[in-house]
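Undergrad: Dumping the structure here so I can ask a few things about it.
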Ligand code: F6R
């Protein structure tokens, strides 16, 4: 029988959901559950039958299982596994196959007998697939069914590769992948065009038969689809909603993935809230947006009819709350991102003193600085601050191969024109040209090629930073080692990166540090870059006194913006400043027109940046604040 949801707070949730502080904490919990099942089955002298998933989501679960195997003697000798899916067609030995994924992340590190591993075969002939699928199902059934099936969720709402349109009773079969799924996979395959269009997947019906179903999701990227899967109506448009019909399913989420659920997004609609300053700001902005009314026009009646009556009673009348929130948002706006000298700074986002600050802008890739905070960058320089920009990675992966040849052709001509020996250069060029001829999709480049790609991006970043007004000695290329190491090992140590960052900060002793706070960056580089800076700052805090005076500001990259209620500094840009910012972005020619990794937005980075900054300004305006052309947004990270 279907369980009843008795809690007021979760009344919109149609299946059980547990939310954890982090993906690690949540994954450890799932790994423990799997280990329990294995132990339990072992004690009964039976085999544990596990349904496994691939993708980014279960990686830490597998890591933890490997750890338990090594440290705690967890044995997989009595385990039989069935994977959800495999691309079709797919060579099992290929780098992108789920066979390779499972071997690298789990099977190669545990004692599971190879014959106990089952993964749909991407190498079958078309005419063999149907029988294979029937046999796959039969084998699971004959073993007594899956004890547990772990799942991730795609942004289309797919479970396994059951894309929108799948039937609730579907079985294992060949399916066509949704376009969004292929775009999400494009990074692994070096472009969407190389992602297979089909896959063999267990059906929704197959998944349903498992004794226990655990769906995991991490990060903001997944928040909208999780909201639909948990609170939406059951529909084939979002196959994960079928799980609402199961009485043995649980969703395990981190806080980011859960953030669109009603109890987190608008908690005042489902429970009595503790109305602290942050919650009030969030709720009032939400009310203003929902009613499409400027903050100062919201009435007690509006509060009462939108779950905010308790707030109106505690802190009201509404007009007082409105004025307080309006002023607080007003105070986030500043044309002085480095602080306004000789001004009362009690209501300003930055301090007035020292009037001339040292600022370090960390930029994960060589163009994030200008894309995300180009206007603020230029203002800081114009206002006389000592600005340094530190490019954390070389960004070499995002340069097209033909640009390498183009730049080398230029170099050969140049060296020839000044009468120097160009033979060595020509040899390198020929070697690279040959390499590109046979290069497989997503094949890593040779080191020499990676270097040329890095030089291209370096020259562009230098041009952009110079355009913003920096001297050459203020432009730093950190070339953090994790970036290239990550291509060959999944979890390289961050120590050398932290060390390098620490040294840089010690040399400059900045009053302000800016870094990218994109926790939903689909490629993961931004979050790693953020963690490195944060760790360096934290370590310095233990030894250096100047660090107490160093404020840490976060901007967001090309992917998304902060929520309005989170913004702590909004720097307005005039139409001329928007143009200067655009010119700075244009210096990144290799990223213009057809970036290698556009993500799920095909528009050029400069268009995205302008639209986002315009949207932020519009959001402020719709709340009743002044109408600016554009705004760059920041939050302050207390470390
Ligand atoms: C993988 C699978 C997919 C993924 C989903 C999420 O075996 O069947 O449903 O779980 O696409 O992928 P990640 O975890 O990479 O976000």
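Undergrad: Could you check the spin-label model distance between residue 114 and residue 126? Points 7 Å from the Cα along Cα→Cβ, value in nm.
TA: Label at residue 114, label at residue 126, 3.2 nm between them.
Undergrad: On to the next question. Taking 7 Å along the Cα-to-C-beta vector as the label spot, tell me the residue 353-residue 626 distance in nanometres, rounded to one decimal.
TA: 2.7 nm
Undergrad: Continuing with this model, one more query. By count of other Cβ within 10 Å, fewest leading, how are 340, 581 ordered? Write down the numbers at each step before the final one.
TA: On the way: 340 17, 581 27.
The fewest-first ordering by Cβ neighbours comes to 340, 581.
Undergrad: Can I ask one more? Among 24, 262, which comes first, second and so on when ranked by fewest other beta-carbon atoms within 10 Å?
TA: Details: 24 14, 262 19.
Lowest to highest Cβ neighbour count: 24, 262.
Undergrad: Rounded, prolate or oblate for segment 26-263? Axes are the square roots of the Cα gyration tensor eigenvalues, ordered a ≥ b ≥ c, and the cut-off for rounded is a/c under 1.5.
TA: Details: a/c = 1.36, a/b = 1.12, b/c = 1.21.
Rounded shape, in that the Cα axes give a/c under 1.5.
Undergrad: With an 8 Å Cα cut-off and a minimum separation of 6 or more residues, compute the relative contact order for segment 283-330 in percent.
TA: On the way: 38 pairs, mean separation 17.7, N = 48.
Rounded, it is 37 percent for segment 283-330.
Undergrad: What is the fewest-to-most order of 388, 109 by other Cβ atoms lying within 10 Å of their Cβ? Intermediate values should be presented prior to the final figure.
TA: Values: 388 21, 109 17.
Ascending Cβ contact count within 10 Å gives the list 109, 388.
Undergrad: If you average the C-alpha positions of segment 362-388 and of segment 175-240 separately, how far apart do those two centres end up, in angstrom?
TA: 38 Å
Undergrad: Which percentage, to the nearest 5, of the DSSP beta bridges contained in the chain is antiparallel? Could you put the intermediate results ahead of the total?
TA: Details: 17 of 56 bridges.
The antiparallel fraction comes to roughly 30 percent.
Undergrad: Restricting to segment 26-263, compute how many DSSP beta bridges are antiparallel as a %, nearest 5. Please list the in-between numbers first.
TA: Numbers: 10 of 27 bridges.
Around 35 percent of the beta bridges assigned by DSSP in segment 26-263 are antiparallel ones.
Undergrad: Between residue 440 and residue 310, how high is the FRET efficiency from 1/(1 + (r/R0)^6) when r is the Cβ-Cβ distance and R₀ = 56 Å? Nearest 0.05. Each step should come with its number before you reach the end.
TA: Values: r = 61 Å, r/R0 = 1.09.
For residue 440 and residue 310, the calculated efficiency is 0.40.
Undergrad: Compute the Cα gyration tensor for the chain, then decide on rounded, prolate or oblate, letting a ≥ b ≥ c be the square roots of its eigenvalues: rounded whenever a/c is under 1.5, prolate when a/b is larger than b/c in the other cases, and oblate in all that remain. Can you show the working numbers first?
TA: Values: a/c = 1.96, a/b = 1.17, b/c = 1.68.
Note, shape of the chain comes out oblate.
Undergrad: Run through the DSSP bridge list for segment 100-235 and note the antiparallel percent, rounded to the nearest 5.
TA: Working: 5 of 8 bridges.
Within segment 100-235, antiparallel bridges account for around 60 percent of the total.
Undergrad: If you don't mind, there's one more thing I want to ask. Rounded to the nearest 500, what is the 222 nm mean residue ellipticity of the chain from helices alone, with -39500 (n - 2.57) per DSSP H run of 4+ residues and division by all residues? Kindly include the intermediate steps, with their values, before the conclusion.
TA: Values: 21 runs with 265 residues, N = 639.
Mean residue ellipticity, 222 nm, calculated: -13000 deg cm²/dmol.
Undergrad: According to the square roots a ≥ b ≥ c of the eigenvalues of the Cα gyration tensor, what is the shape class of segment 283-330, taking rounded for a/c under 1.5, prolate for a/b larger than b/c otherwise, and oblate for the remainder?
TA: Working: a/c = 1.81, a/b = 1.16, b/c = 1.57.
Oblate shape, in that a/c is at least 1.5 and b/c is the bigger or equal ratio.
Undergrad: Highest mean first, what order results for 330-339, 88-97 on Cβ atoms within 10 Å? Walk me through the intermediate numbers first.
TA: Working: 330-339: 20.0, 88-97: 16.8.
Packing order, densest peptide first, comes out as 330-339, 88-97.
Undergrad: Now for a separate question. Could I have the simple spin-label model distance between residue 427 and residue 539, label points 7 Å from Cα toward Cβ, reported in nm to one decimal?
TA: 4.0 nm
Undergrad: Hey, another quick one. If R0 is 25 Å, what FRET efficiency do you get for residue 11 and residue 291 from their C-beta distance, rounded to 0.05?
TA: Numbers: r = 23 Å, r/R0 = 0.92.
With a Förster radius of 25 Å, E is 0.60.
Undergrad: How high is the relative contact order of the chain, in percent, counting Cα pairs under 8 Å that sit 6 or more residues apart?
TA: Numbers: 1107 pairs, mean separation 77.4, N = 639.
Dividing the mean separation by the residue count of the chain yields 12 percent.
Every read-out reported here was derived from the displayed coordinates using simple, explicitly stated rules and does not represent laboratory data. Since we're looking at a predicted model, the values are computed, not measured. When we count neighbours, we look across all protein chains shown, and the Cβ atoms used for this are built from the backbone with ideal geometry, even at glycine.
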